[in-house]
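To keep things clear, I will list the structure first and then write my remarks on it.
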Amino acid sequence: MTLISLRRLVETDHEWIFRACQDLEIQRFTLIPRPYTHEHAIEFLRTQSGEHSVWVIQSGDDPVGVISIHKIDESTGTASVGYWIAKWGRGQRAASHALTLLCEYARNISKIHTLTAQIATTNVASRATAERSGFKSAIDIAETLPDGDTQVVALLYSKQINSVHKWPTGFMWGTGASSTQCEGAAPQSDWLAWERAGNAPKSENGNGFATRYAQDFEILASLGLTHHRLSIEWARIEPQQGVRDQNAIDYYRKVLTAARESNIKIWVCLHHFSLPNWFAKLGGFLVEENRSKYWLEHVDFVAETFGDLVTGWQPVNETNYYATAAYLARGWPPGHNNVEEWLTVSEQMQLATAEAAVRLKQTGKLVVSIFGLSTLELLDAEPATQKFAERFYDANWNTGIKLFRDGVLQIGERKQVLRPDLAGSFDMIGFSYYSAHGVRNGKIVAYPETKKISPLGYAIWPDGLDLVLNRLKKELPNTPLLVAEFGVGTADDDERSKYLLAGLDVVHSAINRGIDIRGFFHWTAVDNYEWLHGYDLQFGIINADRTTKPSSEVLRQEAKPS
């Protein structure tokens, strides 16, 4: 096999470059002038067309192509590359070898972390070259490339060449947790009553956060994870209707103060699945007045009482999941299985979240949603499968997104709720990602079917995050996004590390193709209570004894300043 090497341009290269560029295949997929003259080749040698770096691809002693780094985006550590092979150099995989050599060269440039290549969808040979060289493809981007005299959709290919990505300035690194899971169920909460009725494992004192929060914040700060979402438990600060518990209020202010002292920026969630018993007995979010009166009074109280100590708000955890968990027999209190109730609570939760966001914005702090988002892969053409997909996207995507974007809330076949005052209620759209799903014969199945299945019943597939980001970009092209939860429940921390690395690759690639992602919050920091799974499922990068797991190093390396 002939040795492939790279060398710099020399004065006489214009002769063979001119000959090579007479080839219709090169003219078809590049931006070179047509017709291509000797003067064009000489001008290319003189200016190198503004490229950052250009090399000749050599096969033995013969020049067979050109490869270049177009430009380097130092804000993201991304370098874009291009290449072409002369007609006489094809068939020996010279471009693949040249790309491999270019990757080795780029690894020695500290400001480059990822190489990208935009390739026309119709350029099958060039796409195969990139894939053989370890480049991963993304879906089509909002750009086109030439295919002869027409413009076709471009694909973005990327390859991480250094172990740590370079992230945009101000990118937020954080973790998420909740009161019930870290502190244990509140004495006057519906979740503790649910536990005592034998419907869920005992949460006891959670993972000990209530006494170890200062230590936890110090550990997070040492890892560079300087943002943290926690929930202020409504059932603790208002255990009886209209009665505030000053001790609980003082406790949460101490928590927030300790976070500030450790330079941890806190985002507060006001509802993370559990409710005060008194509110639940009044009907919870089944009753409109409970939302419009008691819930909003709670929102105002939290804003006034804790707003001075928070960085931002993430008002309701997984707005679109709560109704399903509690009213479609998924095991959450009150344990109902009633579609009409589910429709009502779905509507009320979307309104409760957006109304809270509008009020919390008045504190001058950022407000971010937490929608639980995943996508579907339709595995057959059955009408039942299509119908399921329509219902799924209506319930989990369209309700919250249309209310945010258009000020219109549509739940199932119910009458539209017109709330223009709630359009634009969030500063960013945040979401959790844990899985994608397949649909066959109108029923949900794990997807991809070849992947390991989580104890929670879904396929463990970090790449599905990309599908969510792409769909959000299409739905809300000008809205900043936040990965508000990303993690995997497993006792195998090596699996967690690999899952994290894959997910971070997805996020970095999405940023490179123009998706505005402002941060990444891992679920969770310290192993905690996982609802119906008790303490049998670990999501943390920190053990309950506060020793860090190897997976924490993945995040520390990414989060540390470049």
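The values are calculated or read from the model by the stated rules, or taken from the named source; none is laboratory data. Just so you know, these numbers come straight off a predicted model, no measurement behind them. When we count neighbours, we look across all protein chains shown, and the Cβ atoms used for this are built from the backbone with ideal geometry, even at glycine.
Here are some notes:
- Boolean, Thr226 is out of contact with any helix residue (DSSP H, G or I) (no Cβ under 7 Å at 6 or more places or on another chain) and under 30 Å from Asn512 (Cβ atoms): yes
- Any hit, segment 368-382, residues being surrounded by fewer than 18 Cβ atoms within 10 Å (Cβ to Cβ), more than 16 Å from Gly424 (Cβ to Cβ), in contact with a helix residue (DSSP H, G or I) (Cβ under 8 Å, 6 or more places away or on another chain) and β-branched (Val, Ile, Thr): no
- Index of the failed condition, Leu501 passing every other in (1) in contact with a Pro (Cβ under 7 Å, 6 or more places away or on another chain); (2) modelled with pLDDT under 95: (1)
- Filter pass, Thr353 being crowded, with 19+ Cβ neighbours inside 10 Å and hydroxyl-bearing (Ser, Thr, Tyr): yes
- Filtering segment 125-148 to residues that are β-branched (Val, Ile, Thr) and either within 22 Å of Ser59 (Cβ to Cβ) or in the same structural domain as Leu472 (by TED's automatic domain parsing) (or both) leaves only Thr129.
- Only strands (runs of 3 or more DSSP E) whose full extent lies in segment 400-511 are considered here, and the ones with at least 3 residues that are in contact (Cβ under 8 Å) with a residue 60 or more places away in the chain, in the same structural domain as Tyr322 (by TED's automatic domain parsing) and closer than 29 Å to Ala559 by Cα are 429-433, 481-486.
- Any hit, segment 435-450, residues being surrounded by fewer than 18 Cβ atoms within 10 Å (Cβ to Cβ) and among the aliphatic types (A, V, I, L, M): yes
- Given (1) surrounded by fewer than 19 Cβ atoms within 10 Å (Cβ to Cβ); (2) in contact with a helix residue (DSSP H, G or I) (Cβ under 6 Å, 6 or more places away or on another chain), index of the condition Arg496 fails: (1)
- From Arg260, Arg291, Arg212, residue being assigned to a helix (DSSP H, G or I), farther than 27 Å from Ala559 by Cα, modelled with pLDDT of 95 or more and not acidic (Asp, Glu): Arg291
- Restricted to segment 147-188, and to residues there that are assigned to a strand (DSSP E or B) and hydroxyl-bearing (Ser, Thr, Tyr), the residue that is surrounded by the fewest Cβ atoms within 10 Å (Cβ to Cβ) is Thr150.
- Just one of the numbered conditions (1) within 24 Å of Ala125 (Cα to Cα); (2) in a loop (DSSP other than H, G, I, E, B) is not true of Ser75: (1).
- If you go through segment 99-122 and keep only what is at pLDDT 85 or above, part of a loop (DSSP other than H, G, I, E, B) and buried (at least 21 other Cβ atoms within 10 Å of the Cβ), you end up with just Ile112.
- Some residue of segment 189-201 being buried (at least 17 other Cβ atoms within 10 Å of the Cβ), in a strand (DSSP E or B) and over 27 Å from the mean Cα position of the chain (by Cα): yes
- Here Phe18, Phe44 are screened, and the one residue that is free of Cβ contacts under 8 Å to residues at least 40 places away in the same chain, farther than 30 Å from His508 by Cα and surrounded by 18 or more Cβ atoms within 10 Å (Cβ to Cβ) is Phe44.
- Scope segment 305-343; condition surrounded by 20 or more Cβ atoms within 10 Å (Cβ to Cβ) and over 27 Å from the mean Cα position of the chain (by Cα); matching residues: Phe306, Tyr327, Pro333, Trp342
- Of the residues examined, Leu45 is one that is touching a His at 6+ places or on another chain (Cβ under 7 Å) and either at positive phi or aliphatic (A, V, I, L, M) (or both).
- Residues of segment 162-187 classified as within 30 Å of Leu532 (Cα to Cα), among the β-branched types (Val, Ile, Thr) and within 23 Å of the chain's Cα centre (by Cα), total: 1
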